[in-house]
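Every number in this text was worked out from the coordinates using simple rules, so none of it is lab data. Every value quoted in this text rests on a predicted model; they were computed, and no experiment measured them. Using ideal geometry, Cβ is built from the backbone for each residue, glycine included, and neighbour counts are taken over all protein chains shown.
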Amino acid sequence: MLYRNFDRALQVIQRATAMPARKAAYHDDSEAVQNRVFRSLKLWLMYADLEESLGTFQSTKAVYQRILDLRIATPQLIMNYAIFLEEHNYFEEAFKAYERGVALFRWPHVYDIWNTYLTKFISRYGGQKLERIRDLFEQCLSTCPPNFAKPLYLLYAKVEEEHGLARHAMAVYERATTAVKSEEQFEVFNIYIKRASDAFGVVYTRQIYEKAIEQLKDDHAIEMCLRFAELEQKLGEIDRARALYSYGSQMCDPRTKPSFWEVWHEFEVKHGNEDTFREMLRIKRSIQAQFNTQVNYMCLLK
């Protein structure tokens, strides 16, 4: 190749990658190099580059297929192979390459393959092959760890919103709230509530708020309580809003979260009476005493 004799280089690399009479493990140093070099990924990558430059579509495809058969491919090589097929308008062949890739690799290495595969498939077919798209998402998400789940679930829900059914999209968002890692659950709930409100109205979001308050950590659960209570006020459900403030107060130490109590105070001034205001003050004293007891107990343990 240094002398730009590419045809000769192609002949040499074809000979080097030919199957030897005696197979050997690539990392077995006790074996002769000639028996192991046919599994060298670096050599095969060079071979693929030469074929793409000098060979035909079929000869290049044969090299990529041989790499896959030897099970020495990398995720990036799968992507390169699929792109090569797409450039020659062999889209179904490209999707088969992605299929080989997702079968070869496990998480987290398979994430980029799945993400590209799904995005390309949706871009090409849209809603024409919705059932197949759903099958692909279900296959992907069945083994997807929480660290990678969020963008895939959101993509799945977007497909259902644009090409499928709104109730299917809601079911995907519902699954996402428990499938993603805990730090991302609050964001997913916010998206879920917004989409549900747009599709079915604000009343539908009640069940989502209830699940969020039950599932999220205290700080985010308190925020959901406040937003849910505000929604109930807009709907004229004052008693339901008051019950939410009462529930949320169990997580709010008056000394560290005074803003919550200020909101409840304003609510009672606007919508309550003397009895409800006194009840709020009683609960506040009770919660204050409860948190004081917890602090004193922790001090004793130290």
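Computed values, structure above
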quantity: For segment 248-281 versus segment 143-213, the gap between their alpha-carbon centres in whole angstrom; calculated: 31 Å
quantity: Using a Förster distance of 41 Å, the FRET efficiency for E262-L165 (Cβ separation, nearest 0.05); calculated: 0.45
quantity: Label-point separation, R278 to Q76 (7 Å along Cα→Cβ), nm; calculated: 7.4 nm
quantity: Kirkwood-based shape ratio for segment 187-302, expressed as Rg/Rh from alpha carbons; calculated: 1.03
quantity: Positive minus negative residues near N147 (Lys, Arg vs Asp, Glu; Cβ under 13 Å); calculated: 0
quantity: Extension gain (nm, one decimal) between E187 and Q58, 0.36 nm per residue minus Cα-Cα; calculated: 41.7 nm
